[in-house]
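Quick note: the coordinates plus some simple rules give every number you see, no bench work behind them. In this text the structure is predicted, and so the values were computed from the model without any measurement. Every residue, glycine as well, gets a Cβ built from its backbone with ideal geometry; the counts of neighbours run over all protein chains shown.
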Amino acid sequence: MCAPFHRISPPVNMSNAARTICLPILPPIANKICVVAGWGMTSEHGRKSDVLREIHIPIVPFTECNNFAHYGGRIHLPSMVCAGYSQGSVDSCQGDSGGPLMCAVNGRWELHGLVSWGIGCGRPGHPGVYSMVHAALPWIRFEMFKLKQ
């Protein structure tokens, strides 16, 4: 299902700068490289970006992200997913919240997460935490159904 989620007034004209994205069919795949985009801070103590930026980061397996060294049981499955490199350096940051975690699956882009939280930005052992879109699909579909009424 690749459709706009909610009505915007006035409607957005689809172009190279504004497009819809597909909802995920399955939860994100561990170790898959995905893309996060945003205008947030470029480093933990940096400045907000003047241009839209993107990073390419892997989905972190749940057991790895939720272990004591990372987040010690604070990651709630199935509503959260982690993404980032164990050595840190590349991460979403303040100002990126709500932005997309997008993964290419079988030739189509799917929205797998929304930037949510983390400890710092790009810190080793602390990947970014994202709200998992797949967990919210029943609610999203219900809201989309209501919009068609």
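Details
- Order of H76, H112, H45 - criterion: other Cβ atoms within 10 Å of each residue's Cβ, fewest first: H45, H76, H112
- Selection from I8, G113, P124, by position along the positive dipole direction of the chain (Cβ): I8
- Residues with amide H under 5 Å from that of G113, placed H, sequence gap 5 or more: L101, V133
- When each of W39, W109 is scored by the number of other beta-carbon atoms lying within 10 Å, the sequence from fewest to most is W39, W109.
- Shape of segment 1-82, Cα gyration tensor, a/c cut at 1.5: oblate
- From its DSSP helices (H runs of at least four residues, each -39,500 (n - 2.57)), the chain gives a residue-normalised ellipticity at 222 nm of -3000 deg cm²/dmol.
- Neighbourhood net charge (15 Å Cβ-Cβ; Lys/Arg +1, Asp/Glu -1) for L111: 0
- 0 to 90° range, to nearest 10: angle between helix 137-148 axis and the chain longest Cα axis: 30 degrees
- In nm, spacing of pseudo-spin labels at R47 and S9 (7 Å Cα→C-beta vector): 3.9 nm
- Euclidean distance of C-alpha centroids, segment 75-130 and segment 42-62, integer Å: 9 Å
- A simple charge model with +1 on the Cβ of Lys and Arg, -1 on the Cβ of Asp and Glu and nothing else charged puts the dipole of the chain at about 400 debye relative to its Cα centre.
- The Rg/Rh ratio for the chain, using Cα coordinates for both the radius of gyration and the Kirkwood hydrodynamic radius, is 0.98.
- Residue (of G73, C34, P58) at the positive-pole extreme of segment 1-96, dipole from beta-carbon charges: C34
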